[in-house]
Amino acid sequence: MTLNFKTVVFTLIICSIIISCKTKKHQRVDDIAILISKELDTLISKPEINGASLGVYYKGKTYEFHKGKLDKGMNTYPTKNTIYEIASLTKTFSGILLAQAITEGRVSLDDDIRNYLKGNFPNLEYQGHPITFRNLVTHRSGLPIIFPNKPEIFTSSNKEKLPFLITDLQKDFTKKDFFNELHMVKIDTVPGTKFGYSNPGANLLGYCLENIYKMSFEELLTKKILTPLKMNNTKITLTEEEKKLLAQGYNGKNQKMPFEPEMPMKAAGGILSTTGDMIKYMRFHLNQNDEVIKISHKKLLGLWEDFDNGLFWQIFINKNKPDIIFQNGGAFGTSSWLTLIPNKQIGVFIITNKKDDKTHNHLKNTLDKIIDKLK
């Protein structure tokens, strides 16, 4: 069979175009990996950072890096199996559980939370205005920063001692203790009008969810989020073998820090996870067609032109650019940051087992540089 010369030439041109497109596509993937790796190298070169793990979800592709050391001067390295305390990023999981309860018609954002508590709490209102779920997830409930309510421990002179003071304060703290503290709270302004960061507020949401679903917070977390997303390495309670993979946290002076205290409710900051699982979590949050995600990222306050709050999320608003949804977490010796840009299908998670005044800024700067290059 004799092929027409024009046909041969046309076929060769088409093949050349296909090969060129594939090469450019693979080159783009390699370029992304290289830029992520370089930024992480820059991060761990800083004296405040020993090592770090980073995960990126970008337009259907995932990237995972682990660099540096977990323990300065020792040969222990972060890997895909390293388990970290994600601290207040836990609150976004609690927000997802609330969003699911809303989509199921079990609650509404502006319900009086006392409708979902056992017992009588006339103190959880101000001049007839009750605390609502909207108030809890935006830290505008009027509840204190910590239970037991001892604000005096948060003084500058106690800064280095604070992790140990909190650990001692919350030792043997029970569910009964939590609700005794809750009964003693005095709300001094209309809920929703004043910001005041509150871990008890997030934990109170956890107790409400337990009463709504008639199961423990950990069971609910597993059933509604972890199992469907196949986040098999994300837990609240670790086995003895898993504890060997948990990254020890350090302060800025490389002193070992205590892990977060054993509390009866962990909705405010008790989740432990790996980088790979957090990539799965980001992918879930980038699904803009999911009704649960729509509620989770809903702008709840409408007080500013350039900023708002979702369900335990912070949202940067720019009318000419896509919204940036983010949250950070800080345990006594661990720092993390997670940023989402749903319209660009970008998610970046970064974590290190160090905590001092500069750590979060370093993480955010690294993350921002990566996102700027991806956009």
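Distance between the C-alpha centres of region 320-343 and region 43-87: 16 Å, rounded to the whole angstrom.
Residues of region 314-334 falling in the label zone of Leu162, defined by backbone nitrogen less than 17 Å from a point 7 Å along Cα to beta-carbon, are 328-334.
Calculated FRET efficiency, Asp111 to Asp306, Cβ-Cβ distance, R0 = 25 Å: about 0.30 to the nearest 0.05.
Return the equivalent ellipsoid semi-axes of region 156-196 as a descending list in whole Å, where each equals the square root of 5 times an eigenvalue of the C-alpha gyration tensor. Each step should come with its number before you reach the end.
Numbers: eigenvalues 121, 71, 10 Å².
Each semi-axis is the square root of five times an eigenvalue, giving 25, 19, 7 Å.
Run the helix sum for the chain: -39,500 (n - 2.57) per DSSP H stretch of 4+ residues, divided by residue count, reported at 222 nm to the nearest 500 deg cm²/dmol. Working shown, then result.
Numbers: 11 runs with 134 residues, N = 375.
Result for the chain, helices only: -11000 deg cm²/dmol.
Shown here for region 92-172: GluC sites (Glu not before Pro) in loop regions (DSSP other than H, G, I, E, B) with at most 16 other Cβ atoms within 10 Å, namely Glu104, Glu160. Here region 54-70 is scanned for amide nitrogen atoms under 20 Å from the site 7 Å beyond the Cα of Phe316 along Cα-to-Cβ, giving 54-59. In the elastic network of the chain, a GNM with C-alpha springs shorter than 10 Å, the most mobile of Thr82, Thr359, Thr189 is Thr189. For the chain, the membrane-span-like helix rule (DSSP H, alpha carbon extent of at least 24 Å along the helix axis, mean Kyte-Doolittle at least 0.0) picks out 5-44; this says nothing about an actual membrane.
The alpha carbon convex hull volume per residue for region 225-337 rounds to 153 Å³.
Which order do the peptides 281-291, 162-172 come out in when sorted by mean C-beta neighbours inside 10 angstrom, highest first?
On the way: 281-291: 16.5, 162-172: 14.1.
Ranking the peptides 281-291, 162-172 by packing returns 281-291, 162-172.
Rolling a 1.4 Å probe over the heavy atoms of the protein chains gives the chain an accessible area of 49 Å² per residue.
At a Förster radius of 22 Å, what calculated FRET efficiency corresponds to the Cβ-Cβ distance of Lys46 and Lys171, to the nearest 0.05? That pair, Lys46 with Lys171, gives E of 0.05.
The values are calculated or read from the model by the stated rules, or taken from the named source; none is laboratory data. Since we're looking at a predicted model, the values are computed, not measured. Don't worry about glycine lacking a Cβ; one is built from the backbone with ideal geometry, like all the others, and counts go over all protein chains shown. Remember, those area values only see protein heavy atoms, side chains included, never the ligands or the DNA or RNA. Shrake-Rupley method; radii C 1.70, N 1.55, O 1.52, S 1.80 Å.
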